[in-house]
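The structure under discussion appears below in the form of C-alpha cells.
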Amino acid sequence: MIGYDLIGNTPLVLLETFSDKHVQIYAKLEQYNPGGSVKDRLGKFLVEHALEHGLVREGDTIVDASAGNTGIGLAIAANHFNLHCVIYTPEGFSEEKISIMRALGVQVERTPIEDGMQGAREAARCFAADSNAFYINQFETDLNPQAYAQTLGQEITSALSDIDYFVGGVGSGGTFTGVAQYLSQFNVGSVVVEPEGSILSSGEMHEHDIEGIGVEAWPKFLEKGLIADIIKVSDIDAFRNVKQLALQEGLLVGSSSGAALQGALEVKKHINKGVIVTIFPDGSDRYMSKQIFEYEENVK
C-alpha cells in the first residue's frame with residue numbers, strides 16, 4: 001500500500017461526553033486522510049475522472065481556487081499522476097494550509113481578501129483560459145457531490161445501520177450534498193450548519209472566523225429538497241467546542257468541526273431519542289497560527 005491508497009475509510013467515533021443513553025452523536029474523523037482533510041477524497045475523485053476522460057494527460061497543469069484543503073487534496077492526486085498544480089487562495093486563510101500546499105509542490109497564487117473566494121475563482125478561471133490549464137472548478141462541477149456519495153455516504157452506512165440525522169457544514173456544498181443524497185434512501189434527515197455571516201438561511205454576508213464553511217451565494221449543486229433544517233453557529237460556540245473536544249474527547253479538530261458539533265448538539269436538544277452523524281473535516285494542526293485553542297480568550 002502507498003500513501004495515496006490511504007485516502008478514505010476514516011474512523012467513525014462515538015462522542016461519549018456529548019452523547020447520552022437516548023441520543024448518540026458520532027463523528028467521521030477526516031483528518032486521518034493523508035492530506036489531513038475530507039477534501040483528499042475530492043482531489044482524488046476529480047483528478048482520476050479528468051484522466052479517465054482524457055481531459056488531462058501526464059505533465060499537464062490543473063488549476064482551481066481553494067482555501068487550502070481542496071488544494072492539498074488536488075496536490076496529492078496531481079503528484080501521484082505527475083501533474084502540475086496551481087491553486088488560487090484569498091489572503092487571510094490559514095498559513096499552515098498554504099505551507100502544506102507549497103510543500104506538496106503547488107504553485108500558490110494569493111488573491112485580495114476583499115475579493116473573497118469569488119475573486120480567487122475568477123483568477124483561476126482566467127489562468128486556465130490564458131495557459132490552457134485544466135480548470136477543476138470544484139464549486140460548480142457535479143462530480144463534487146458524487147465524490148462524497150460514493151465514499152463517505154457508503155462508509156457511514158457500512159458502520160452504522162440506524163441513523164436518524166446527518167449534520168454537516170457547507171462550503172462548496174459538495175460534501176453535504178453527496179452524503180445527504182446517499183443517506184436520503186435511508187430516510188435520514190439532513191441538517192446544514194453554517195457560520196453567522198453565511199447567507200443560506202438568512203441575514204447579510206459578513207466575515208467570520210470559522211474556516212472551510214460558509215458561503216457568499218447559494219452553491220450550484222446544494223439541493224434545497226435535501227435540507228431538513230439550517231442551523232447558524234457563532235464563532236464563539238464553534239471554537240469553544242474545538243477546545244472541549246480536545247479536553248474531553250482527545251480530538252484535535254478544526255473550527256468547522258466545532259461548528260458541526262454545535263449543529264449536532266442543537267439537533268440533540270429537540271429529539272428524545274436517536275443517532276446523529278456528523279463530519280469533522282480536518283484537524284487543528286493547520287490553524288495553530290490563529291490560536292485556535294485560545295480563541296475565546298483573545299476575543300474577550
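The values are calculated or read from the model by the stated rules, or taken from the named source; none is laboratory data. Since this is a predicted model, take the numbers as computed values, not measurements. Don't worry about glycine lacking a Cβ; one is built from the backbone with ideal geometry, like all the others, and counts go over all protein chains shown. What goes into the accessible areas is simple: the full protein's heavy atoms, side chains included, and nothing from ligands, DNA or RNA. Shrake-Rupley method; radii C 1.70, N 1.55, O 1.52, S 1.80 Å.
Structure notes:
- Sum of -39500 (n - 2.57) over DSSP H runs of 4+, divided by residues of the chain (222 nm, nearest 500): -10000 deg cm²/dmol
- What you get for the stretch 39-135, charging only the Cβ of Lys and Arg (+1) and of Asp and Glu (-1), is a dipole of about 200 debye around the Cα centre.
- Approximating the spin labels as points 7 Å out from Cα along Cα→Cβ, the residue 207-to-residue 297 distance works out to 2.3 nm.
- For the chain, the tally of Lys pairs with Cα-Cα distances below 16 Å comes to 11, considering only residues 8 or more apart or on different chains.
- In nm, spacing of pseudo-spin labels at residue 161 and residue 247 (7 Å Cα→C-beta vector): 3.8 nm
- Karplus 3J(HN,Hα) series, Hz, for the stretch 47-56 with 6.51 cos²θ - 1.76 cosθ + 1.60 (x for Gly, Pro): 5, 5, 5, 4, 5, 5, 9, x, 7, 9
- Separation of the residue 223 and residue 269 label points, Cα + 7 Å toward Cβ, nm: 3.0 nm
- In Hz, Karplus ³J(HN,Hα) per residue of the stretch 286-293 (6.51, -1.76, 1.60; θ = phi - 60°; x = Gly, Pro): 8, 10, 5, 5, 9, 6, 4, 8
- Counting only the Cα atoms, the stretch 123-178 fills a convex hull of 77 Å³ per residue.
- In the full protein context, the stretch 39-135 carries 42 Å² of accessible surface per residue, based on a 1.4 Å probe and ignoring ligands, DNA and RNA.
- Helix 174-183 axis versus longest C-alpha principal axis of the chain: approximately 50°, rounded to the nearest ten.
- Amide H contacts under 5 Å for residue 65: 88, 137, 138, restricted to partners 5 or more places along the chain or on a different chain, H placed in the peptide plane at 1.01 Å from N.
- Taking N as the residue count of the chain, its C-alpha radius of gyration divided by 2.2 N^0.38 Å amounts to 0.95.
- Couplings for the stretch 214-231, taken from phi via the Karplus curve 6.51 cos²θ - 1.76 cosθ + 1.60 with θ = phi - 60°, read x, 9, 9, 8, 5, x, 3, 10, 7, 7, 4, x, 7, 9, 7, 6, 10, 10 Hz in order; Gly and Pro are left as x.
- Cut-off under 5 Å, modelled amide H: who pairs with residue 199 long-range: 215
- Normalised per residue, the volume of the convex hull around the Cα set of the stretch 39-135 (Å³): 78 Å³
- The overall shape of the stretch 168-273, judged from the alpha-carbon gyration tensor, is oblate: a/c is not under 1.5, and a/b is no greater than b/c.
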